[in-house]
Amino acid sequence: MSDDHTHVQEFFSARAADWDSRFPDDGPAYAAAVAELGLREGDRVLDAGCGTGRALPPLRTAVGPSGVVLGADLTPAMLHAAVRAGRDRDGRLLLADVGALPLRSRSLDAVFGAGLISHLPRPAENLRELARVVRPGGVLALFHPIGRAALAARQGRQMTPEDLRAEPNLRPLLAGSGWRMTSYVDEDARFLALAVREG
């Protein structure tokens, strides 16, 4: 396992048990972001870096009982927390690296990634892997329940021009990875970038 993976696992393993209780009011923001994916009954969707699975219930609601919901995460402790919360009933959980997914090419309609991009060790390569598993015209949502400035303030740091989530950085990063950004919102209450898989 690479040092990047070890660091991510250590970071999230230490926080898994109380992750949901630290952010108890994020549910409506997750549901609103999922709604913007435009999922339909029967669609197949991946929550990439699903953590404790907070997006799985709204994803299941969006695709209905005939749809497929997968949650992939690198950290076993986060997946265990998802099971303890009962969210494994809403989707199949996979212990997997989003940079090397055990999925067929073009097998999904959409990918949802909450807080994902800042934890990707090789963002361009990892976003290409997400593009690989999504059909042309499928959608990617990069989401965070608070915006960049609010998150920086919470973490006691300044925003920097190098932030991958800044629109001037994210748009070309996505374009070089098989995605075309279709909308970008960065407000105190949320961050949401939507992109379509190029064909």
Evaluate the Kirkwood expression for the hydrodynamic radius of the chain, namely the inverse of the mean inverse distance over all pairs of different C-alpha atoms, and round to one decimal in Å. 16.7 Å
Kindly state, as a whole number, the per residue volume in cubic angstrom of the convex hull around the alpha carbon atoms of region 111-199. 82 Å³
Nearest-0.05 FRET efficiency for E36 and R106, computed from C-beta distance (R0 25 Å): 0.65
Rolling a 1.4 angstrom probe over the protein heavy atoms, how many square angstrom per residue are accessible across the chain? 46 Å²
Ignoring ligands, DNA and RNA, what percent of the accessible area of the chain is carbon or sulfur (1.4 Å)? 52 percent
Given a 10 angstrom Cα cut-off, can you work out which residue in T52, T182, T75 is the most mobile in a GNM of the chain? T182
Using only C-alpha positions, report the orientation-averaged shadow area of the convex hull of region 55-137, nm², one decimal. 5.6 nm²
If you take the Cα Rg of region 97-152 and divide it by 2.2 N^0.38 Å, with N the number of residues, what do you get? 1.20
Checking G71, G51, G99 against a Gaussian network model of the chain (alpha-carbon springs below 10 Å), the top fluctuating residue turns out to be G99
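The values are calculated or read from the model by the stated rules, or taken from the named source; none is laboratory data. Just so it is clear, the model here is predicted, and its values are computed rather than measured. Because the Cβ atoms are built from the backbone with ideal geometry, glycine has one as well, and the counts that use them run over all protein chains shown. Protein only, heavy atoms only, side chains kept; ligands, DNA and RNA dropped before computing areas. Shrake-Rupley method; radii C 1.70, N 1.55, O 1.52, S 1.80 Å.
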